[in-house]
Every structure is written in structure tokens, then in C-alpha cells.
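Please treat every number below as a calculation from the coordinates, not as lab data. These numbers were taken from a predicted model, which means no experiment stands behind them. Using ideal geometry, Cβ is built from the backbone for each residue, glycine included, and neighbour counts are taken over all protein chains shown.
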Amino acid sequence: MKEEACPIVENRNIRKNYFLMKLKSDYVSTHARAGNFIMLAASKTTEPLLKRPFGILRVKPPFFCIYYEIVGKGTELISSLKPDDTVNIVGPLGNSFPPIDNKNILVVGGGRGIAPIYYAIEDYTSVPSNNVFLIYGARSKDDLNLLEEIETLSLKKIFLFTDDGSKGKKGFVTTDIREIIDEHNIDVTVSCGPDAMFETLFHALKGMGTENYVSMEALMGCGFGICHSCVVKTVTGDYKKVCTDGPVFRLEEIAWEQ
């Protein structure tokens, strides 16, 4: 990891409160892997004091992109930044999704969780022996903000779900997941989203025989293991840090509610 001041190339409002930010960094763009994240300072002052974590959406040296939603003061400040402004970042941080080849892979993204798995999709579809499928879910059609970009990727099939039924099928990303796994002989699932989604996924995937990897979201103070604000309990009773032990874990490794 490295701390540096990165120039902003683009900070574009996609729709509603969603933004796509493109930054220039030779270091991050050449060292990042799918699943990694950065910590980004919302301002050049101490208000707010702590940096915010963002999954890396894609890289194309010397640039990398993040995708975010305005949910509080920090992201509201970040949304006001302009091209040629510089932001202080630390990264790339965390572990990454495992290399996979010659497998049928089901990628599952809920809401803002599409960011790190977009990068994973690019990686996995670049391996000719893989067949990659995607379940993409959101609250409504207006929250499926990266759909046009996703449709340009070499996916075998995209399954869309919205809570209100305004696009694709009404339901959640876990609604038909067992049927999709059976129909397409899925070997591996790769997911990112909120903990509530993972808990449902944990129960839905029991007995399916798939390898299951999740990229977890968490409140972080530092991003590199000092503050212990992002710990999660594992099935062994131990605690692991999302920032350094993760954010990617085996789904069955985490102690979800039974």
C-alpha cells in the first residue's frame, strides 16, 4: 500500500446520488487486484477526520475508478470534488478474489456491491475456459446504474432483480439462486453486498456444493488493521479484520445467524 495525493480526472454523477470517480495513480492502477479497496479523504481538513473505504471498480493504468453513493457527510463532500482537484488516498488495501479457471462462475452483486465484483468479472471473463454469469440486484431500475457497462462484458447471461419489480424480476438476488446454480452447473459463487444479503445467501447455498467467496462491507477507521473497528466473528469463535484479513472471505468462514 501507499499513501499519495491523486489527481481527479472525472467525478461524474451517474444518476440520483450515485457517482463514478476516475483517479490517476500509477501505483494503485498497477498494483491493485480485484477485491482491493482504497481509503479516501473526504476533505483536506480534519472534518471529517477519517478516510472512507471504496472498492476499486476497474483499473486501466495509469487510472483507476471507484463507484459510490452519497450516504452521509463524507460522501457528500467527495461528490463536490472537481477534475484537477487532488485527494489523499491510501491503497490498494485488503486481499483479493482468488484466481479461477475452467469453472462456471456465478457473480452476485447487490446495490453498491457491484463495484468490486465488476473488476472480478473483467478478470474472470478474460480467462477463456471460464463461463461467467451475473445476478445483479437493486432497489429499483434507477439503482442499476452500471448495467450498460456490464452488458459490454463477456458474460454468458445476466439475471436482473429489483425489489419493486421495475426492471427484471421482482425479488432479491437470492430469489432464484438455487435454480440458477442447478441450471448452469455453477462451480463457484463470488458476491458483494450487505451482511443481510450474505446471511440469506449462506442459507440458500447450503448443500449446493459450490465454492463461495464474499467481499464484505464494513465501517473502517484506518483500513490497515490498527483501529479494529471492522472485526467480524468467524465460525471458530475468533475474530478477523475485514480490512486486512479480508475483505474477501469464504462465505462459510463467517459466523452468520443460523
### Message
To the nearest 20 Debye, how big is the dipole of the chain about its Cα centre, given +1 on the beta carbon of each Lys and Arg and -1 on that of each Asp and Glu?
### Response
460
### Message
Give the lysines reachable from Lys156 as a straight Cα distance under 22 Å; neighbours fewer than 8 places away on the same chain don't count.
### Response
Lys103, Lys141, Lys167, Lys169, Lys170
### Message
Once the convex hull of the alpha carbons of the chain is built, what does its volume come to per residue, in cubic angstrom?
### Response
122
### Within region 225-244, backbone nitrogen closer than 18 Å to the virtual label 7 Å beyond the Cα of Ala255 toward Cβ
228-243
### Task
Treat each spin label as a single point 7 Å out from the Cα along the C-beta direction, and report the Asp26 to Asp176 distance in nm.
4.9
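Subtracting the Cα-Cα distance from 0.36 nm times the residue separation, let me have the gained length for Lys16 to Thr244 in nm, one decimal.
Result: 78.8 nm gained on full extension.
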### Task
Give me the Debye-computed log₁₀ of I(q)/I(0) at q = 0.15, 0.17, 0.21 Å⁻¹ for region 104-253, equal point scatterers on Cα only, no solvent, two decimals.
-0.78, -0.98, -1.36
### Task
Please sort 60-67, 77-84, 125-132 by packing, taking for each peptide the average over its residues of neighbouring beta carbons within 10 angstrom, highest first.
60-67, 125-132, 77-84
### Inter-label distance, nm, simple model (7 Å from Cα along the C-beta direction), Val9/Lys233
4.5
### Segment Glu149-Asp195, length gained on full extension (0.36 nm per residue, minus Cα span)
14.0 nm
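Work out the length of the dipole vector of region 37-133 about its Cα centre, built from +1 on the beta-carbon of each Lys and Arg and -1 on the beta-carbon of each Asp and Glu, and round it to the nearest 20 debye. The partial results should precede the final answer.
Details: 9 positive and 8 negative charges, 22 e Å.
With only Lys, Arg, Asp and Glu charged at Cβ, the dipole is about 100 debye.
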#### Entry: Gyration tensor (Cα) of region 2-93, equivalent ellipsoid semi-axes in angstrom
19, 15, 12
### Task
Convert 10 °C to kelvin, take the viscosity as 1.306 mPa s, use the Kirkwood radius over C-alpha pairs of region 138-218 as Rh, and evaluate the Stokes-Einstein diffusion coefficient in µm²/s, rounded to a whole number.
115
### Message
Checking the cross-link filter: which aspartates and glutamates have an alpha carbon closer than 17 Å to that of Lys2, excluding same-chain neighbours under 8 positions apart?
### Response
Asp26
### Task
Quick one: give the max-minus-min coordinate of the C-alpha atoms of region 79-190 along each principal axis, largest first, in Å.
49, 35, 24
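Sort 147-156, 184-193 for me by packing, meaning the mean count of neighbouring Cβ atoms within 10 Å per residue, highest on top.
Details: 147-156: 13.7, 184-193: 21.7.
Per-residue mean Cβ counts within 10 Å order the peptides as 184-193, 147-156.
Explain nothing, just the number: relative contact order of the chain, from Cα pairs under 8 Å at least 6 residues apart, as a whole percent.
18
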### Query
In Å and whole numbers, how far do the C-alpha atoms of region 137-179 stretch along each principal axis, longest first?
26, 25, 10
